[in-house]
Protein chains: 4
Amino acid sequence: MIKVGIVGGTGYTGVELLRLLSAHPHVQLVCITSRKEDGIAVSDMFPSLRGRVDLKYVMPDCADLTACDVVFFATPHGVAMTQAPKLVAANIKIIDLAADFRLKNTADFEKWYKMQHICPDILEEAVYGLPEINREAIKKARVIGLPGCYPTSIQLGYAPLLAQGKLLVNESALVSDSKSGVSGAGRNPEVHTLFAEAGDNFHAYGVAGHRHLPETVQGLQAIAEGRPIGLTFVPHLVPMIRGIHSTLYATILPEARHIDFQALYENYYRDAFFVDVMPAGSHPETRTVRASNFVRIAVHRPGGGDTLVILVVEDNLVKGAAGQGVQCMNLMFGLDETTGLQHTPIIP
Amino acid sequence: MIKVGIVGGTGYTGVELLRLLSAHPHVQLVCITSRKEDGIAVSDMFPSLRGRVDLKYVMPDCADLTACDVVFFATPHGVAMTQAPKLVAANIKIIDLAADFRLKNTADFEKWYKMQHICPDILEEAVYGLPEINREAIKKARVIGLPGCYPTSIQLGYAPLLAQGKLLVNESALVSDSKSGVSGAGRNPEVHTLFAEAGDNFHAYGVAGHRHLPETVQGLQAIAEGRPIGLTFVPHLVPMIRGIHSTLYATILPEARHIDFQALYENYYRDAFFVDVMPAGSHPETRTVRASNFVRIAVHRPGGGDTLVILVVEDNLVKGAAGQGVQCMNLMFGLDETTGLQHTPIIP
Amino acid sequence: MIKVGIVGGTGYTGVELLRLLSAHPHVQLVCITSRKEDGIAVSDMFPSLRGRVDLKYVMPDCADLTACDVVFFATPHGVAMTQAPKLVAANIKIIDLAADFRLKNTADFEKWYKMQHICPDILEEAVYGLPEINREAIKKARVIGLPGCYPTSIQLGYAPLLAQGKLLVNESALVSDSKSGVSGAGRNPEVHTLFAEAGDNFHAYGVAGHRHLPETVQGLQAIAEGRPIGLTFVPHLVPMIRGIHSTLYATILPEARHIDFQALYENYYRDAFFVDVMPAGSHPETRTVRASNFVRIAVHRPGGGDTLVILVVEDNLVKGAAGQGVQCMNLMFGLDETTGLQHTPIIP
Amino acid sequence: MIKVGIVGGTGYTGVELLRLLSAHPHVQLVCITSRKEDGIAVSDMFPSLRGRVDLKYVMPDCADLTACDVVFFATPHGVAMTQAPKLVAANIKIIDLAADFRLKNTADFEKWYKMQHICPDILEEAVYGLPEINREAIKKARVIGLPGCYPTSIQLGYAPLLAQGKLLVNESALVSDSKSGVSGAGRNPEVHTLFAEAGDNFHAYGVAGHRHLPETVQGLQAIAEGRPIGLTFVPHLVPMIRGIHSTLYATILPEARHIDFQALYENYYRDAFFVDVMPAGSHPETRTVRASNFVRIAVHRPGGGDTLVILVVEDNLVKGAAGQGVQCMNLMFGLDETTGLQHTPIIP
């Protein structure tokens, strides 16, 4: 059994980790920390876990963390990097759901997250936890920086176009019009995520700049073997609980007009269990991946013209966070990456 | 492996059966019928099942049905009774999610469902599929009439009060104020269940009389060892997808004022895996059982007075339909009743 | 023109007051205060008011308040009573949307609101602002304590039964099962009213005791000419933005079994512009009063038995708060009570 | 008073027309037709109109239509053109909310609507009812083809860029990523607009081609003085009732990089009462125009680069349908275009 600890399990990614890990056949949940809820039973906070999880929250300095094989951080940005050095020194693996180990450039990190990076050496060895792109590196990693929810959908959507060893689309003018359910904003109470504010309403936000932009560009550039990427990213808030839908636009270059993009996508993902390239003409719905680790993608070329439209859906709390973390953990411990992640999506 | 057939799997209870049965460790899905969708792949209709269910819909007279050990009917009322005689004769067990085998009195059936009953003999042997009440009978049953979604919540909510061998509350004036998510109305398109009608809206319906009233009264009377029951039942439509919340009222009789009702409920359900009596003072939320087979109950006695308020939540598609069906199937085939039903509820 | 000030206009009742008053033909909005938003334009906070309201928030001690004819308090409980003495002394009328002037018994106020009442003399002269019950007193009032949202629906629903000068129902065992949209909880960010918490979810709350209970009982007793009232009140949270639905239960006394309750209700409200007694058999939907000051009521007697079921819908922010305040203001200043309140409800 | 008739008033645009016209100070509602609901009171179908509209539905051949000054068609596509010749001959003005008089090219109409056009002569004289673009022509029109809901938002969003007499952006590669609430799909019951399907869900549709594309391109080309326009249009369904949000992308040409686009938009719409160009940096929310005739627009240029992002919100049933129809009617009858359309949006 893999001994697992969770730091900061009172938010949505935390409770989702608990749902997944408590039913994982090779995991033993050892401890979960929360400064604020110290002493409270997890199932008192989340009654959905009554009878499933018997742990109580403990203080973050709990000794049990160091008895773990792996620790997940479901904390605000900046927490994981303060505890990482000690854990790494104790040979404990780390999977961070926040942004501490995503941006390789510390200047970028400091610009977008308004804090200095504490352990750039660990950052340097950290692996970006997107298994469909980095599977082999993840297997050997000690520290994982899990992708953000939006970046997962955008990278998986563009990867087949960028990874062909030649230019197929205008990579300097990509557009991702992305839409997220409200759980993506977390469980901290704020006015704009109240039901009476976000309900029956729709709007864009962060058009001038969003933290997920530099991370996504970094990832896309890596997929494109270092070629520069120009991306316009516009996130929107949808009155639903879970789900991300990214509508991706790309302009096909003249020399790529003959390509069968449907086949290209199917081929690229033929061995990716969690990525489903749907039949031509499909319109994936976010609910078709609800509460599951699947991503569904559809490839469109309206009117046979030069604009590609790629539709990508994921569950932001699963493939966009906790599920992807468990997928990485499976790889890090030599398990099949689908272990404990075979949930059928919930419809309706 | 239990060979399972499903008749009529294009509605919400059908797709929920598919979700549960396709992951059940002792089930082999043999066939699923739909006159209208004959030849269509199940996963084309419900892309959430892509990679999980490989069946295509076939015509209802499909020979494979008779190769099954058990057939679920997820059909409109009146279909199961037309096919039951043939299946029973072939020693195939039947679990009907509709109303054909619920009401023991055929006159009641005919009054509320506007059709004559075709096989009153099978109706007579049919067992009402509420395991927490009828577990032993279900184990031996050949034909199960599964309870309606509302009746499940109301019977489980009142059962501890009625099953004590003596009068504790005024059984002639029970009130169930029940609220259901919209999936309870099914997948047939109707104006009143459109998003733009049911969304951001709330109302009662069927106050003059609802089909679930006679069924619930029949069930409550059986629990009360035949004593007459008077029930006012007011259903309401909630702008949510899944979930039923029944708020039950009962007037405590003077001779029962001393009773510790919290203890009485905990004791009654101490061996019922799927029924969770929450701590005193709780307010169960429908989402705490979302996509699971659990029922949660809280017992209140406001101001220590003579009115009991019992709060009951269930997922109408799971414990209120498909999940309860699988629970019955488990019992009928000698399995632990929780087999394949251990899903943790989805929050948020 | 009536010069109007608003204290505390950053919540939902505040913005609703602004919507109604800015289009009122006899009102001049003079000032609106908010300690926190001092200097901010109202339309920056609520862009729906761009071009409709030109005011900026000012500090609460703003001199302009004393230039008003009437001041609305859309503040937390306890604010109005601190400013009331000065305003009353300056001959300025007060309409308080909070609870400061609702409960006549200061001990009750202190028990339920955990603060001492500052000006019991003003409380004593304050009139309970429910025009359909207290129209004449409101016309002469200097200080109005506006009813809570739930109490408005419950009192208007039971009034015809209690105001007949004789007992018709068992007044010691009334039950109000009430359901409210989330805006009723206000615009202060709290976890339980987040979209991802309250959405696709339903639950009761405050079963052990809710502040609106003593207020409602006080009001019902006044309607019942002082007879004692026993009320069980169970509020629930509905995943919708606006709207209250109270489902009221009452047991008909033997001597009242012959009464035509439909006629009794129609007769009682025949001159009440804002109260619509719907035809027998109706199920009023909350959206049929959305964004309007109307209340709709339906009277049911299931199976012709002894249980009356009264269905009442209102918009909690209009008839349950701001609209009722404007209705009172109209009466206090000699206008027709419908002035500026003739909005047609918004469907869909 | 303008005598108004409505053909087909049982859908969402119909009930919205009734809400607006019944409160319009210069309108007398003369008749409303519905073959299916003949004899039914409008307020029985839409209880929100109780006490506001006293009409009953009558058969479409009702003589009263010919006593009208203007007739609105809130019917399926293809109905208005069958009745138009007779009405035009009788000097009755026509405002069609469907598509019969939108597409100037009958071949386009026949391709996208699968029916032959019956009266191409009337189509030829018909005016496209977008007042901010065609105000003078509308004043003199006898027949109005009202824009679709999506095309209104897209044309108003791009107009300032296209109407400058010179190329500012790459007009051959515009992208409109549009999102609509579910009421846009109408009140006809269909599976995909059921609450349990569309709720808590998000997806694109019609990527291969949508009827609003040719109409929008026709309109944009007219605004661009006949220059060809290339538009990729991807509509999405949002789990909300009302509202459209179009996120428009355009690539700035090198020669236009110096332009102050914020000023350009503000200047273009300085006299348009219903179009609100918000301050730089804004993110308009659909609810800020809910139930009103306003459109709000924000202009973004992320990172000061070459991609313009224009955000446009409207209420699809008001500015996208019924409200725009009333605005046109006002112009056709010499009234101020804002008459009867001054509703403040509903928040929350």
Taking segment B:232-254 and keeping only residues that are touching a residue at least 60 places away in the same chain (Cβ under 8 Å) and more than 9 Å from chain C (Cβ to nearest Cβ), one is left with B:Pro235, B:Ser246, B:Leu248, B:Ala250, B:Ile252, B:Leu253
Restricting segment A:227-240 to residues that are in contact with a Lys or Arg (Cβ under 9 Å, 6 or more places away or on another chain) and open to solvent by less than 10 Å² (accessible area, probe 1.4 Å), which is farthest from D:His283 (Cα to Cα)? A:Met240
Could you go through segment D:31-44 and let me know if any residue there is open to solvent by less than 60 Å² (accessible area, probe 1.4 Å), within 14 Å of another protein chain (Cβ to nearest Cβ), outside any loop (DSSP other than H, G, I, E, B) and of a type outside the set (Val, Ile, Thr). yes
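Name the one entry in A:Ala173, A:Ala224, A:Ala204, A:Ala198 that is surrounded by fewer than 20 Cβ atoms within 10 Å (Cβ to Cβ) and hydrophobic (A, V, I, L, M, F, W, C).
On the way: A:Ala173 fails: surrounded by fewer than 20 Cβ atoms within 10 Å (Cβ to Cβ); A:Ala204 fails: surrounded by fewer than 20 Cβ atoms within 10 Å (Cβ to Cβ); A:Ala198 fails: surrounded by fewer than 20 Cβ atoms within 10 Å (Cβ to Cβ).
None of the others qualify; the one that does is A:Ala224.
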Out of segment A:176-190, which residues are polar (S, T, N, Q) and open to solvent by 50 Å² or more (accessible area, probe 1.4 Å)? A:Asn188
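Looking at D:Thr75, D:Thr82, can you tell me which residue is surrounded by fewer than 17 Cβ atoms within 10 Å (Cβ to Cβ), in the same structural domain as D:Ser34 (by TED's automatic domain parsing) and among the β-branched types (Val, Ile, Thr)?
Working: D:Thr75 fails: surrounded by fewer than 17 Cβ atoms within 10 Å (Cβ to Cβ).
Answer to the check: D:Thr82.
Residue check: is B:Asp61 part of a loop (DSSP other than H, G, I, E, B), open to solvent by 10 Å² or more (accessible area, probe 1.4 Å) and within 14 Å of another protein chain (Cβ to nearest Cβ)?
Numbers: part of a loop (DSSP other than H, G, I, E, B): yes; open to solvent by 10 Å² or more (accessible area, probe 1.4 Å): yes; within 14 Å of another protein chain (Cβ to nearest Cβ): no.
The answer is no for B:Asp61.
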Could you say whether any residue in segment A:9-27 is under 28 Å from A:Gly148 (Cβ atoms), assigned to a loop (DSSP other than H, G, I, E, B) and of a type in the set (Ser, Thr, Tyr)? yes
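Within segment A:263-317, how many residues turn out to be open to solvent by less than 30 Å² (accessible area, probe 1.4 Å) and in a strand (DSSP E or B)?
So the first thing to find is which residues in segment A:263-317 are open to solvent by less than 30 Å² (accessible area, probe 1.4 Å), and the list is A:264-265, A:269, A:272, A:274-278, A:282, A:284, A:286-300, A:305, A:308-317.
Cutting the leftovers down to in a strand (DSSP E or B) gives us A:275-277, A:295-300, A:308-314.
Of the residues in segment A:263-317, 16 are open to solvent by less than 30 Å² (accessible area, probe 1.4 Å) and in a strand (DSSP E or B).
Inspect all residues belonging to segment C:138-147 and state whether any of them is under 21 Å from C:Glu314 (Cβ atoms) and surrounded by fewer than 24 Cβ atoms within 10 Å (Cβ to Cβ).
We begin by selecting, within segment C:138-147, every residue under 21 Å from C:Glu314 (Cβ atoms); these are C:138, C:144-147.
Narrowing the set further to residues that are surrounded by fewer than 24 Cβ atoms within 10 Å (Cβ to Cβ) leaves C:138.
Within segment C:138-147, one or more residues are under 21 Å from C:Glu314 (Cβ atoms) and surrounded by fewer than 24 Cβ atoms within 10 Å (Cβ to Cβ).
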Flagged pairs (Cβ under 7 angstrom, 6 or more apart or on separate chains; first in segment C:295-316, more than 10 Å from chain B (Cβ to nearest Cβ); second of a type in the set (Lys, Arg)) are C:Val295/C:Lys319; C:Asp315/C:Arg242; C:Asp315/C:Arg290; C:Asn316/C:Arg242
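Among the residues of segment D:77-112, what is the count of those that are over 25 Å from D:Met59 (Cα atoms) and not in a loop (DSSP other than H, G, I, E, B)?
Step one: filter segment D:77-112 for residues over 25 Å from D:Met59 (Cα atoms), giving D:102-112.
Now restrict to residues that are not in a loop (DSSP other than H, G, I, E, B): D:106-112.
Total meeting the criteria: 7.
Going by what's in this entry, would C:Pro214 be described as facing chain A (nearest Cβ under 9 Å) and either open to solvent by 10 Å² or more (accessible area, probe 1.4 Å) or within 14 Å of C:Ser246 (Cβ to Cβ) (or both)?
On the way: facing chain A (nearest Cβ under 9 Å): no; either open to solvent by 10 Å² or more (accessible area, probe 1.4 Å) or within 14 Å of C:Ser246 (Cβ to Cβ) (or both): yes.
The answer is no for C:Pro214.
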Go through segment B:1-21 residue by residue and tally those that are under 16 Å from B:Phe73 (Cα atoms) and either without any contact (Cβ under 8 Å) to a residue 24 or more places away in the chain or surrounded by fewer than 18 Cβ atoms within 10 Å (Cβ to Cβ) (or both). 1
Condition met for D:Arg52 (open to solvent by 20 Å² or more (accessible area, probe 1.4 Å) and facing chain C (nearest Cβ under 10 Å)): yes
Tell me whether segment D:326-345 contains one or more residues that are at the interface with another protein chain (Cβ under 8 Å from one of its Cβ atoms) and open to solvent by less than 10 Å² (accessible area, probe 1.4 Å). yes
With the requirement that a residue be open to solvent by less than 10 Å² (accessible area, probe 1.4 Å) and either assigned by TED's automatic domain parsing to the domain that holds C:Pro214 or within 14 Å of C:Leu146 (Cβ to Cβ) (or both), what does segment C:85-101 give you? C:Ile94, C:Ile95, C:Asp96, C:Ala98, C:Ala99, C:Asp100, C:Phe101
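The values are calculated or read from the model by the stated rules, or taken from the named source; none is laboratory data. Remember, predicted model here, so these are calculated numbers, not experimental data. With ideal geometry, Cβ positions are generated from the backbone for all residues, glycine too; neighbour counts draw on all protein chains shown. Side chains are part of the model used for accessible areas, which takes the heavy atoms of the whole protein and leaves out ligands, DNA and RNA. Shrake-Rupley method; radii C 1.70, N 1.55, O 1.52, S 1.80 Å.
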